[in-house]
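Notes to accompany the following structure.
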Amino acid sequence: MVGYPNGIWDQINNKPILRRGITATHPNFDYNGQKEVMIDAACFPGSSGSPVFIFNEHGYQDKKGNITLGSSRVYLLGVLFAGPQQMLTGDIRIVNIPTSLKQISVSSIPINLGLIIKAERILELEAAFKKKILFYNSQMHLCHHTPCTAAAIGFNGVDICINQLAVFF
């Protein structure tokens, strides 16, 4: 996993922190019916969005069961987005109890598990984004505002002049 746990990074060399772990659920199966994988690694706030890679050193078995020995591979498993926390006592908070207000302490401690959105979901996002771009490109036409000769975007039946739009950005 590559990231900035709790905002930590190599400031002198401008590099993120590299950490390692293992898969806690099988990558070929969707965890709890979602396109996710659970990993067993130190996942802290600031790690969300970190790319998670599978690194097979000196050999691996592919999805078809073929075994390759003597070579390594690296591939993107997905992106970290969450990690379960265990709630313990610690911080003092005021909470509303039906009969009165009472101070209690609440802390969360990571349990060294993380949820990964599978890389295939990133490809789905890319496809959806490209589809939207094609849609908006198909809606572009010449602006009918005089004396404007710039392109305009037709959105929900409304022409928006690119020159007028640029004022807002």
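None of the figures in this text is laboratory data; all of them are computed from the coordinates on show. What you are looking at is a predicted structure, and each value in this text was computed from that prediction instead of being measured. Cβ coordinates were reconstructed from backbone atoms using ideal geometry, including for glycine residues, and neighbour counts include every protein chain displayed.
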Could you order peptides 43-55, 120-132 by the average number of other Cβ atoms within 10 Å of their residues, highest first?
43-55, 120-132
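Using 0.36 nm per residue, how much length does the chain from Leu134 to Ser107 gain when fully extended, once their Cα-Cα distance is taken away?
Result: 5.0 nm gained on full extension.
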Starting from the Cα of Phe81, step 7 Å along the direction of its Cβ; do the same at Ala24; then give the gap between the two resulting points in nm.
1.7
Sticking with the crude label model, points 7 Å out along Cα→Cβ, report the distance from Leu88 to Gln61 in nm, one decimal please.
3.8
In nm, give the distance between the simple-model label positions of Leu123 and Lys35, each being 7 Å from the Cα along the Cα-to-Cβ direction.
0.9
